[in-house]
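The values are calculated or read from the model by the stated rules, or taken from the named source; none is laboratory data. Computed from a predicted model, the values in this text were never measured in an experiment. Side chains included, ligands, DNA and RNA excluded: accessible areas come from the protein's heavy atoms. Shrake-Rupley method; radii C 1.70, N 1.55, O 1.52, S 1.80 Å.
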Amino acid sequence: MKNMLWLIRNTLRSTFRKKSSWIIYFALPLAGVILSMLIYGNTNGADLRVGIVNQDGDRPVTADAIRFVEELGHVKVTMTDEASLNKEIAAGNLDSGIVFGAGYEAAVREGRQPDIRIVSAKGAQVTAYAKAMLDGYVGNVAAIGQAAKGDAAKFDAVYAEYKKNGFKMDSDSLKDTSNVKSMTYQSIGFLLMFMMFSASNMTELILKEKENRTFLRLLASPVSARTYVLSNVLFTAFILLLQIVFTLVVMRYVLKIDSGVPFAVLLASLFLFSLAAIGLSLLLVAFSKNSRSAGALQTLVVTPTCLLSGCTFPPEIMPDTIQKIASFLPQSWLLDTVTELQSGRTFGSLYLNLAILVGFAAAFSLIAVYRFSRNNDVRQFI
């Protein structure tokens with residue numbers, strides 16, 4: 001134990017003597033959090049910019065439907081034509097567009113589904129609100145047409161009464177936390193990526209000390225190879241724990257980002273992942289002949305897996321096949337755990353996710369131990 005503590009203390013001293021270590025282990029994860037804030041932090045409260053194309057002419061029922069959209073909260077309407085609508089959406093000047101096709105009024109008078117198209121380059125996140133409200137309104141008017149059974153006078157009378165009647169509605173404002181959750185998700189994703197690089201850099205010290213013959217000199221002392229490797233693992237775990245605590249404290253108490261997950265629960269989840277990251281880094285070292293090959297292997301493994309699992313961008317934008325591949329990666333299971341915790345699940349109810357993270361850590365470590373035990377060739381370092 002005394003030898004192990006001496007090795008950990010010596011490694012800490014030599015590592016943090018370099019200014020670059022502070023940047024790699026603490027500044028880069030913080031930069032990832034700030035980048036997430038820049039991406040998601042300025043999207044709250046903006047009005048939805050909607051372009052409307054009226055292909056049904058100057059008809060009163062169609063005009064009422066357009067007026068209904070104009071009166072929706074947080075919606076800014078611009079009347080345009082279809083060619084201009086597509087250009088404005090492509091240029092980012094409009095969030096979505098609604099096209100009232102020719103024959104809209106005739107269709108609702110007959111109780112049929114009218115020709116309405118909602119287009120957007122940003123997906124359902126910007127069309128869902130207007131579509132839900134408009135579907136309800138159009139459904140009510142079409143129901144009047146079904147009841148009138150083609151009688152124009154009856155439709156006009158019931159429709160006029162429908163327009164006159166007011167509706168009493170009580171409303172409460174709720175705080176939109178979707179952007180904060182997305183910000184937290186992406187911040188944690190960047191943190192995972194830097195944790196994996198940090199773990200690889202620290203376990204790579206084993207190869208570097210073999211190359212400069214420090215490892216062989218240590219083995220000539222009372223320090224055993226097992227003690228040396230275990231001290232490196234404990235040192236790496238300690239640094240990753242500091243990295244996690246520093247990032248979470250800055251997020252919560254300095255940048256005021258409420259992740260929606262209790263601090264201790266998020267810390268425990270990330271620490272479980274750190275064990276998997278250490279196991280993987282040991283595996284990379286075990287299959288490397290020198291520090292340069294370990295660095296190349298680290299880049300080939302860590303970067304693609306972080307991209308596939310959604311550490312740098314939301315996984316929903318990737319094809320289904322890629323998302324299925326991501327389920328075989330530990331980063332994906334940790335990010336899924338964070339998402340479930342933000343949705344209200346308890347830490348104990350996610351035992352499968354946690355068990356899989358522990359399984360990754362155990363599998364990587366056992367393979368690394370086996371590889372270390374089989375690789376006794378040290379001639380390349382002499």
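Quote the accessible area belonging to LEU329 in square angstrom, nearest 10, computed with a 1.4 Å probe and with ligands, DNA and RNA left uncounted.
Result for LEU329: roughly 30 Å² accessible.
Report, for the chain, the % of DSSP beta bridges that are antiparallel, rounded to 5. Intermediate values should be presented prior to the final figure.
On the way: 5 of 15 bridges.
That works out to approximately 35 percent antiparallel.
Report which label in [x] 1.18; [y] 1.15; [z] 0.98 holds the value of Rg/Rh (Cα atoms, Kirkwood Rh) derived from the coordinates of this structure.
Step by step, Rg/Rh (Cα atoms, Kirkwood Rh) for this structure corresponds to label [x].
Order ASP58, ASP320, ASP115 by their accessible area, 1.4 angstrom probe, all chains in place, largest first. Write out the running numbers ahead of the final one.
Details: ASP58 155, ASP320 110, ASP115 70 Å².
From most accessible down to least: ASP58, ASP320, ASP115.
Kindly identify region 48-165 as rounded, prolate or oblate by the Cα gyration tensor criterion: order the square roots of the eigenvalues as a ≥ b ≥ c, call it rounded if a/c is under 1.5, otherwise compare a/b with b/c, prolate if a/b is larger, else oblate.
Values: a/c = 2.34, a/b = 1.97, b/c = 1.19.
Note, shape of region 48-165 comes out prolate.
What helices in the chain pass both tests, a Cα length along the helix axis of 30 Å or more and a mean Kyte hydropathy of -0.5 or higher, using whole DSSP H runs?
Numbers: long enough: 124-148 (36 Å, 0.59); 178-203 (37 Å, 0.56); 225-249 (36 Å, 1.80); 263-286 (34 Å, 2.57); 351-374 (34 Å, 1.37).
The qualifying helices are 124-148, 178-203, 225-249, 263-286, 351-374.
Per residue of the chain, what 222 nm ellipticity follows from adding -39500 (n - 2.57) for every DSSP H run with n ≥ 4, rounded to the nearest 500?
On the way: 17 runs with 247 residues, N = 382.
Value at 222 nm, helices only, nearest 500: -21000 deg cm²/dmol.
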